[in-house]
Structure formats: structure tokens, C-alpha cells
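Participant: There's a structure below that I have some questions on.
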Amino acid sequence: MWGSDVGAPYSPKAKSVITLEVSEQSVKLGSKVKVSGSIWPVHLALVFLQVSKDEGESWSNLAMTASENGVYSYEWRPESAGNYLLRAFWAGDMDHKKMTSPSVRVEVT
């Protein structure tokens with residue numbers, strides 16, 4: 001029998017949810033955009049905010065922020081005009097799967 005008496009039984013990681021919202025979806029260059037969201041179940045965690053300028057083909061890290069009581073926020077000032085997609089990523093922990101939020105579009109003119 002394969003591994004019938006070796007180690008602890010396998011316990012799958014629980015699902016988690018991360019959200020992302022922006023204060024404005026259309027802003028003038030030079031304006032600030034408040035990026036915020038939450039993690040469920042509530043965790044103190046590092047949240048990676050990511051940005052794409054090519055409709056999600058590639059992503060780069062914009063910022064890293066910490067959630068407090070499951071909530072995070074960050075002020076972003078876009079450096080150039082264009083259409084951006086933003087998303088949040090949480091790497092998970094011993095008990096919860098990693099998770100990426102749905103992306104949100106921001107137009108900077």
C-alpha cells in the first residue's frame with residue numbers, strides 16, 4: 001500500500017477570497033486612486049497589488065501592503081496616461097489557498 005502508514009492524513013487547504021476596489025475608474029493624470037479591498041477569512045497578511053498595461057497579458061508588482069483586520073488600502077498615483085488593469089494577490093498560508101482578485105480597469109487621461 002502506498003503511504004498507508006506514513007505521515008499525517010492529507011488535509012486540503014481551504015479556499016480564501018480577496019477583493020479589490022478603486023475609488024475612481026476614470027482619473028486625470030496626477031490624481032490619486034485609492035485601491036482597497038479585503039481578505040476572507042480575516043487575516044493579517046501581505047497583499048501584492050499588481051498592474052497591467054496590456055489588457056492582462058503581463059502583470060508587474062505595483063506595491064505591497066499589509067491587511068489589518070482583513071482590510072487593506074493603498075494610494076496609487078499613475079505615472080502615465082492609459083488604460084490599466086489592477087488586481088490584488090495573496091499568497092495564502094498553511095491553511096488557505098493563494099488567491100487573486102478579479103481585475104479592475106482604471107482609465108487615466
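Participant: Given 5 Å bins starting at zero, what is the percent of C-alpha pairs of the range 17-108 in each, up to the one with the largest pair distance?
Facilitator: Values per bin, smallest distances first: 3, 15, 27, 25, 16, 9, 4, 1, 0.
Participant: Given the options Phe48, Ala81, Ser60, identify the residue whose Cα lies farthest towards the positive end of the charge dipole of the chain (+1 on Cβ of Lys, Arg; -1 on Cβ of Asp, Glu).
Facilitator: Result: Ala81, furthest along the dipole toward the positive end.
Participant: Rounded to the nearest 20 Debye, what is the dipole magnitude of the range 17-108 about its Cα centre when Lys and Arg each give +1 and Asp and Glu each give -1 at the C-beta?
Facilitator: The dipole of the range 17-108 has a size of about 100 debye.
Participant: Let me ask you something else. Calculate, in nm to one decimal, what Glu55 and Glu24 gain on full extension: separation in residues at 0.36 nm each, minus their alpha carbon distance.
Facilitator: Contour length minus Cα-Cα distance gives 9.3 nm.
Participant: How many lysine pairs are close in the chain, with Cα atoms under 30 Å apart and the two 8 or more places apart or on different chains?
Facilitator: 14
Participant: If you don't mind, another one. Grab the other residues whose beta carbon is less than 13 angstrom from that of Ser73, score K and R as +1, D and E as -1, and report the net.
Facilitator: Residues near Ser73 contribute -1 overall.
No lab work stands behind these numbers, since they all come straight from the coordinates. In this text the structure is predicted, and so the values were computed from the model without any measurement. Don't worry about glycine lacking a Cβ; one is built from the backbone with ideal geometry, like all the others, and counts go over all protein chains shown.
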